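Let me begin by presenting the structure, written as structure tokens, before commenting on it.
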Amino acid sequence: MRPPALPYLPLLPFLLLLALLPSPSAVVAAAGPTSWKALHAAAGRRAASPVAQEGAAAGVLRRLLPSHALSFRFKIDPKGGVCGDSSCFKISNVDGLGKDGAEIMIQGTTGVELASGLHWYLKYWCGVHISWDKTGGAQLASVPLPGSLPRVKGTGVKIERPVPWNYYQNVVTSSYSFVWWDWRRWEKEIDWMALQGINLPLAFTGQESIWQKVFKSFNVTDRDLDDFFGGPAFLAWARMGNLHAWGGPLSQNWFDQQLALQKKILSRMIELGMVPVLPSFSGNVPVVFKKLFPSATITRLGDWNTVDGDPRWCCTYILDPSDALFIDVGQAFIKQQMKEYGDITSIYNCDTFNENTPPTNEPAYISALGSAIYEAMSRGNKDAVWLMQGWLFYSDAAFWKEPQMKALLHSVPIGKMIVLDLFADVKPIWKMSSQFYGVPYIWCMLHNFGGNIEMYGILDSISSGPIDARTSYNSTMVGVGMCMEGIEQNPVVYELMSEMAFRSQKVKVEDWLKTYSYRRYGQSNVEIQKSWAILYHTIYNCTDGIADHNRDYIVEFPDMSPSSFSSQFSKRRSISLARKHPRFFLSEVSTSLPQPHLWYSTKEAVKALDLFINAGNDLSKSLTFRYDLVDQTRQSLSKLANKIYLDALNSYQKKDLSDLNFHAEKFLELIVDIDTLLASDDNFLLGPWLESAKSLATTEDERTQYEWNARTQVSMWYDDTKTEQSRLHDYANKFWSGLLKRYYLPRASKYFARLSRSLQENRSFQLEEWRRDWISYSNEWQSGKELYPVKATGDALAISRSLFAKYFG
């Protein structure tokens with residue numbers, strides 16, 4: 001069972017809060033004009049001034065392209081102006097050359113639309129590409145000098161949002177990606193969000209400080225809270241009530257530091273016209289509540305993925321929403337947030353039923369629970385709107401039938417709940433629920449689990465799914481969203497998904513990819529275009545309906561004895577490894593062994609890689625090209641390693657010691673070679689992850705604790721015993737140089753050495769001995785303090801060429 005990684009959901013620009021409901025013609029008429037006006041008024045009260053939003057958009061430009069800080073003029077569009085009642089941006093020329101040097105005018109509904117308009121102009125008039133720094137960063141060299149910017153035809157171009165909201169984040173992204181960020185990194189992310197048109201950002205940072213103050217008001221002590229909160233890298237799951245104390249306790253420095261950071265985050269979001277979504281009370285309480293409130297209805301939840309139910313972190317406690325105390329705590333939490341941050345939003349996330357099935361399927365009971373949850377919100381903020389992820393309707397479909405879904409969805413007034421169709425890119429719930437039975441929802445792309453590094457996507461679904469949902473009969477769709485568990489991977493997927501916030505028609509992906517590759521690398525290249533055409537039909541065309549979680553054998557090594565595997569290792573589609581001809585491709589094998597996800601022809605992917613490498617002479621200086629080259633080479637080699645691993649097990653089954661050793665050596669050699677490849681790009685290194693964790697510490701104890709948290713999350717993840725690995729081991733695996741050579745390589749080496757010994761000594765494989773040896777090593781590594789590089793070494797193109805010739809030539 002994977003860690004619940006579902007998104008806590010954000011909200012839309014203030015002036016668009018009226019869009020909290022789909023149009024009256026599209027949804028239940030019960031919403032009524034009164035509800036719409038109330039929401040609109042609430043949004044207006046919280047909006048930053050037009051001048052503040054214009055200044056915030058100018059700040060985004062200044063940080064992105066300081067040389068052109070005076071080349072653009074930003075203007076918030078007044079209600080009923082260029083955009084009318086919709087949300088839009090308009091790009092036009094400044095007549096003549098403005099006295100301030102401005103050449104291009106960007107008008108928009110909020111600061112987010114102004115930033116989005118800037119991005120749209122830079123992208124489609126200047127050939128710019130903007131992605132996360134860790135996926136190559138921004139390609140800005142194609143922007144003409146100030147005074148020479150391309151003119152816009154006629155009176156300008158206006159782009160309207162077909163749906164008002166663009167949601168961003170997953171509740172666990174805060175742990176898998178954001179956990180060690182400082183303000184400098186957060187500022188970059190908020191700029192990126194604004195440029196991509198995101199106006200519904202989740203804002204969960206620093207909430208432990210709020211909970212600390214709230215629970216203390218209920219007579220909970222610091223010592224009690226030490227046992228309640230998880231460590232920094234595991235806060236997402238402590239917040240959801242999956243675990244407690246694991247990786248903790250939190251220091252007062254952490255509480256204060258994160259609260260101060262959250263205030264900066266919220267301030268910038270507000271300045272840009274975003275509406276942050278804040279957390280609300282889901283019922284998770286410290287165990288001491290049972291003693292403090294003996295008459296309250298408090299239930300001990302079951303085990304969540306511990307090895308043996310260790311009470312030090314297993315089995316949290318939930319306060320029943322029907323208990324009057326639930327409303328008291330929920331109201332106190334929202335009031336405390338308002339005290340700290342001001343009255344900045346009316347949107348609150350709550351996922352009480354996330355992987356937590358109600359005790360009965362009686363609709364009346366479920367409806368009463370939903371009403372109680374909403375009452376706790378509305379007591380704290382009379383304008384409260386409940387934002388809920390719809391993952392439960394997919395993950396626990398056997399329970400959530402139509403009567404139960406309706407009971408929950410209709411337990412609050414229409415317009416006071418929004419649902420995220422979390423996995424709509426693969427398993428859309430809107431199609432099977434009559435558009436969530438009249439409740440507004442957001443079409444979301446989940447895409448990534450555990451922050452794994454894996455080239456994967458469904459570009460056709462992204463380019464058409466939101467359009468199909470929005471134009472369907474009686475649609476209640478009010479937004480699009482990105483709900484990945486981890487960011488900074490697959491930039492092509494996130495660029496296309498971000499554009500869908502402004503696309504009213506389906507995108508012709510093949511044509512779009514030609515412009516994408518031109519912008520990403522700063523020039524046109526025939527071989528690159530051919531490579532992307534192959535990638536579109538292979539790696540980025542997953543249609544098997546399987547959620548992609550990287551389980552390649554290098555990074556998620558099977559914890560099994562080979563004697564438990566089926567012996568059916570012979571059913572292969574492609575040529576096998578020959579010692580004299582080391583050319584091979586991964587194929588499917590019919591066995592009981594867990595199989596890594598494979599949805600495309602690896603032969604075709606290798607062809608795409610060959611074309612990509614051939615383009616290197618022209619593009620080798622491009623950071624975006626280097627990132628993609630390393631990623632493609634890594635992907636092909638990793639899939640090849642899967643094949644070699646299976647060949648090794650096949651040799652073991654046949655008791656062929658020589659062949660086993662040959663394939664084992666090849667597997668280990670591949671790990672070393674991939675590590676060398678990854679070391680050639682700054683964005684595939686373990687070092688920055690560990691150093692950023694340590695940089696937040698103010699004491700040596702904190703430094704040790706934070707590094708342990710960072711190491712543990714990407715390795716064993718959760719608890720283990722001397723002979724049993726964590727049930728979540730490798731869930732957050734990463735293809736990072738340093739992690740491969742110092743963690744994955746010793747694991748595989750120890751395993752294959754014992755396999756070989758079992759054949760030599762003619763005895764069965766000693767699984768428990770291997771586990772004992774490996775777990776001991778892992779625990780030592782988790783507590784280690786050795787340093788890892790933070791800067792790349794080696795020539796990525798030369799290394800990729802060499803490895804291609806070695807393994808595929």
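Using 1/(1 + (r/R0)^6) with R0 = 56 angstrom and r between the beta carbons of SER371 and SER749, what's the FRET efficiency to the nearest 0.05?
The formula returns an efficiency of 0.45 here.
Mind checking the full-extension length gain between ASN219 and MET560? Use 0.36 nm per residue of separation minus the Cα-Cα distance, one decimal, nm.
Gain on stretching ASN219 to MET560: 118.0 nm.
Once the principal axes of the Cα atoms of segment 289-343 are found, what is the range along each, listed largest first in whole angstroms?
Principal extents (Cα only, largest first): 44, 27, 18 Å.
I'm checking a number: the convex hull volume of the Cα atoms of segment 219-308, normalised per residue, in Å³. What is it?
Convex hull volume per residue, Cα atoms: 135 Å³.
How far apart, in nm, are two points set 7 Å out from the Cα along the Cα-to-Cβ line at ALA533 and at THR515?
Once both label points are built, they end up 1.9 nm from each other.
Note down the net charge around PRO311, summing +1 for each Lys or Arg and -1 for each Asp or Glu among other residues with Cβ under 12 Å from its Cβ.
-3
Could you compute the FRET efficiency for LYS264 and ALA69, with r as their C-beta to C-beta distance and R0 at 22 Å, rounded to 0.05?
The value I calculate is 0.50.
Once a ≥ b ≥ c are taken as the square roots of the eigenvalues of the Cα gyration tensor of segment 155-274, is the result rounded (a/c under 1.5), prolate (a/b larger than b/c) or oblate (a/b not larger than b/c)?
prolate
Across the chain, what fraction of all alpha-carbon pairs, as a whole percent, falls in each successive 10 Å bin from zero upward?
Per 10 Å bin, starting at zero, the Cα-Cα P(r) for the chain comes out as 2, 13, 23, 25, 20, 11, 4, 1, 0 percent.
With a/c under 1.5 counting as rounded, go ahead and sort segment 652-809 into rounded, prolate or oblate using the C-alpha gyration tensor (a ≥ b ≥ c being the square roots of the eigenvalues; past the cut-off, prolate if a/b is larger than b/c, else oblate).
Oblate is the answer for segment 652-809, as a/c is 1.5 or above yet b/c matches or exceeds a/b.
Past 26 Å, Cα to Cα, is the threshold; run LYS427/LYS530; LYS264/LYS791; LYS514/LYS791; LYS607/LYS666; LYS134/LYS694; LYS291/LYS722 against it and keep the listed order.
Where the Cα-Cα span goes over 26 Å, the pairs concerned are LYS427/LYS530; LYS264/LYS791; LYS514/LYS791; LYS291/LYS722.
Over the chain, what relative contact order in percent results from Cα pairs under 8 Å that are six or more residues apart?
13 percent
Averaged across orientations, what area in nm² does the convex hull of the alpha carbons in segment 737-809 project?
For segment 737-809, the mean projected area of the Cα convex hull comes to 7.3 nm².
With the crude spin-label approximation of a point 7 Å out along Cα→Cβ, what separation in nm comes out for GLU160 versus LEU787?
5.9 nm
Hydropathy first: keep DSSP H helices in the chain averaging at least 0.0 on Kyte-Doolittle, then drop any whose Cα extent along the axis falls short of 24 Å, and list what survives.
Qualifying helices: 324-341, 363-380, 657-678.
How high is the FRET efficiency from ALA52 to ARG151, r the C-beta distance, R0 35 Å, rounded to 0.05?
0.75
Around LYS216, with a cut-off of 15 angstrom between Cβ atoms, what is the net charge of the other residues, counting Lys and Arg +1 and Asp and Glu -1?
Local net charge: -4.
Output the antiparallel fraction of DSSP beta bridges having both residues in the chain, as a percent to the nearest 5.
If I count the DSSP bridges inside the chain, around 40 percent turn out antiparallel.
Would you calculate the separation in nanometres between label points at ASN253 and LYS806, each defined as 7 Å from the Cα along the Cα-to-beta-carbon direction?
4.2 nm
Which value in deg cm²/dmol, rounded to the nearest 500, describes the helix-derived mean residue ellipticity at 222 nm for the chain, given -39,500 (n - 2.57) per DSSP H run of n ≥ 4 and division by the residue count?
Helix-only estimate at 222 nm: -13000 deg cm²/dmol.
What is segment 45-176 by shape, rounded, prolate or oblate, if you read a ≥ b ≥ c off the alpha carbon gyration tensor as root eigenvalues and call it rounded for a/c under 1.5, prolate for a/b larger than b/c, and oblate otherwise?
Because a/c hits 1.5 or more and a/b fails to exceed b/c, segment 45-176 counts as oblate.
Values in this text are rule-based calculations from the coordinates and carry no lab data. Here the structure is a predicted model, which is why all the values come from computation and not from measurement. Cβ: placed from backbone, ideal geometry, glycine included. Neighbour counts: every protein chain shown.
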